[in-house]
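The values are calculated or read from the model by the stated rules, or taken from the named source; none is laboratory data. Owing to the predicted nature of the structure, the values given are computational and were not obtained by experimental measurement. Cβ: placed from backbone, ideal geometry, glycine included. Neighbour counts: every protein chain shown.
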Amino acid sequence: MSTVRNREPRSDNTIKIADDLVVGRVGYGAMQLTGPQVWGEYPDRDGAIALLRHVADAGVTLIDTADVYGPHSNELLIHDALHPYPNDLVIATKGGFVRGGFDYSTLDAIGNRNYLRQSAHMSARRLGVETIDLYYLHSGRAIDAPFEDQIATLAELRDQGVIRHIGLSNVSVEQFEAARAIVDIAAATAQYNLSSRLGGPLLAAAEAAGAMFCPYHPAAIDGDNAAVIRAAVAPIAELHQATIQQIALAWHLHRSSVSVPIPGTTSAGHFDENLAAARIDLSLEEVQSITELIAEA
């Protein structure tokens, strides 16, 4: 257990989404509060509700979900745990994926106008809000409608007040820029962590655009180089009396001023450790040494 929670918080511990929403630099990803393989209800519903209330009580102001988590059960769980929501809580959800069963092979992307419209309206209904603060297109790979048409649909939903700000998940830099030519993009999310820099180009594009970037699986360390990475980070963690996972999260906050990691967990104690990472002050040399462990994408 880290002792860093007793340190002074970083001065840059909040970020603006667009020009009107302020969130903390560490959010919470709710995807794990589903059944196995993100399918079905989370088996301990009371425990999940208690955890979500603990997350909100701890001051987290960004919770990330999606209609495909469950599907639908994750949004309903958040509603049942937290509605009516604290005034400063931003719930981000996503639409555009469909899931036809337990097997991941049934996951697909849909982009036609009426499906995206239905997805946004139904997410708002499940969450119990008139306007979704941040709504992501969940994927850039739908082929049933041109990407630009999908973005135009989200822009229309924004103009109608169904969604407040638009985000993009799992898109290329080219798609990110094409979307920005149509409507303001407030956020982007992609896989980016110590062992995978696939989202690096999108992070750079978000920085240039002034958009928030939410790396998912932000503390994961896996793959062929996992042991080498852990060995390199371990002395830094020991110096800061922190866990390797906490250092991984702190690295995101130092790596970019627009980065808001959204680690997920089903444990209140683990959540507290994740949130404590925002209080770790890494040196420039430590950040650089961690960054250079693998090449950027």
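Results, tabulated for the structure shown:
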{"item": "Pairs with Cβ under 6 Å, 6+ apart, first in segment 153-179 and closer than 22 Å to Ala124 by Cβ and surrounded by fewer than 21 Cβ atoms within 10 Å (Cβ to Cβ), second of a type in the set (Gly, Ala, Ser) and modelled with pLDDT of 95 or more", "result": "Val162/Ala120"}
{"item": "Failed item, numbered, when Tyr216 is tested on (1) modelled with pLDDT of 95 or more; (2) within 16 Å of the chain's Cα centre (by Cα)", "result": "(1)"}
{"item": "Close pairs from segment 67-81: first under 15 Å from Leu134 (Cβ atoms) and charged (D, E, K, R), partner modelled with pLDDT under 95 and crowded, with 22+ Cβ neighbours inside 10 Å, Cβ under 6 Å, at least 6 apart", "result": "none"}
{"item": "Candidate set from segment 83-126 (those that are of a type in the set (D, E, K, R) and part of a helix (DSSP H, G or I)); member that is farthest from the chain's Cα centre (by Cα)", "result": "Arg113"}
{"item": "Thr266 being hydroxyl-bearing (Ser, Thr, Tyr) and closer than 24 Å to Ile91 by Cα", "result": "yes"}
{"item": "Pairs with Cβ under 7 Å, 6+ apart, first in segment 274-297 and under 11 Å from Arg255 (Cα atoms) and free of Cβ contacts under 8 Å to residues at least 60 places away in the same chain, second surrounded by 13 or more Cβ atoms within 10 Å (Cβ to Cβ) and of a type in the set (Val, Ile, Thr)", "result": "Glu286/Ile236"}
{"item": "Filtered residue count, segment 218-229, keeping only those that are touching a residue at least 12 places away in the same chain (Cβ under 8 Å), out of contact with any Lys or Arg (no Cβ under 9 Å at 6 or more places or on another chain) and either surrounded by fewer than 20 Cβ atoms within 10 Å (Cβ to Cβ) or among the β-branched types (Val, Ile, Thr) (or both)", "result": "7"}
{"item": "Only one of Ala81, Ala30 that is at pLDDT 95 or above and closer than 14 Å to Thr265 by Cα", "result": "Ala30"}
{"item": "So Leu284, is it surrounded by fewer than 17 Cβ atoms within 10 Å (Cβ to Cβ) and aliphatic (A, V, I, L, M)", "result": "yes"}
